[in-house]
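Taken together, the values in this text are just the output of simple stated rules run on the coordinates, not laboratory data. Predicted model only: the values in this text are computed from it and were never measured. Quick reminder, even Gly has a Cβ in these numbers, built from the backbone with ideal geometry, and neighbours come from all protein chains shown.
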């Protein structure tokens with residue numbers, strides 16, 4: 001069984017990674033997979049949205 005300090009350190013690292021991933025996400029999701037009470041994967045999916053303007057015919061990425 002992990003010590004309380006180890007659990008706290010792992011939890012802090014998981015939170016740091018999630019914060020880092022979310023800071024660069026405009027549109028998307030962050031999925032955390034847990035197996036046996038432990039975080040095993042953190043996955044980021046980002047979606048890009050485009051603004052299709054009919055007047056100029058240009059397509060631009062929205063921030």
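Side notes on the structure shown:
- Residue 49 paired with residue 5, simple spin-label distance in nm, labels 7 Å along Cα-to-beta-carbon: 4.7
- Inter-label distance, nm, simple model (7 Å from Cα along the C-beta direction), residue 13/residue 30: 1.6
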